[in-house]
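Trainee: This is the structure I have questions about; it appears just below.
Throughout, read-outs are computed from the coordinates displayed, never taken from laboratory work. As the structure is a computational prediction, the values presented were derived from the model and not from experiment. No Cβ is skipped: glycine too gets one built from the backbone with ideal geometry, and neighbour counts run over all protein chains shown.
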Amino acid sequence: GTPTSLWFTPKYTTKQMKEETGDPNFDYEISCDQMCGNGHYGMRGVIKVVTQAEFDAWMAGQKSAYATNYAPAETPAPVPAADTTHKVAALVKK
């Protein structure tokens, strides 16, 4: 559960590497680089390298963590009350 940072400049997208290696299951894999305790050897992750256009399309479909976790739920527009002006006008005239 400890966040870490990673920087790299890929030369090939995941799709290109699948084609290059002939391995349809190819993934870029990362592993934990800190000796952090039990299970360290099993701390692995996968990075999917995509084109800028693919990333932009993915980002456009994401919701912010704030909107997901903290923003108030949308409330429907208020329904206008029934028109009672005729009744009030009738009462005033009497």
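Trainee: If I ask for residues that are exposed (fewer than 13 other Cβ atoms within 10 Å of the Cβ), outside any helix (DSSP H, G or I) and not hydrophobic (A, V, I, L, M, F, W, C), which ones from the range 4-25 would you list?
Mentor: Those that are exposed (fewer than 13 other Cβ atoms within 10 Å of the Cβ), outside any helix (DSSP H, G or I) and not hydrophobic (A, V, I, L, M, F, W, C): Thr4, Ser5, Thr9, Pro10, Lys11, Gly22, Asp23, Pro24, Asn25.
Trainee: Hey, could you check the range 26-54 for residues that are of a type in the set (D, E, K, R) and in a loop (DSSP other than H, G, I, E, B) and say which is farthest from the chain's Cα centre (by Cα)?
Mentor: Out of the qualifying residues, it is Asp33.
Trainee: Could you check the range 28-63 and list, in sequence order, the residues that are touching a residue at least 12 places away in the same chain (Cβ under 8 Å), surrounded by 10 or more Cβ atoms within 10 Å (Cβ to Cβ) and among the aliphatic types (A, V, I, L, M)?
Mentor: Ile30, Met43, Ile47, Val49, Val50
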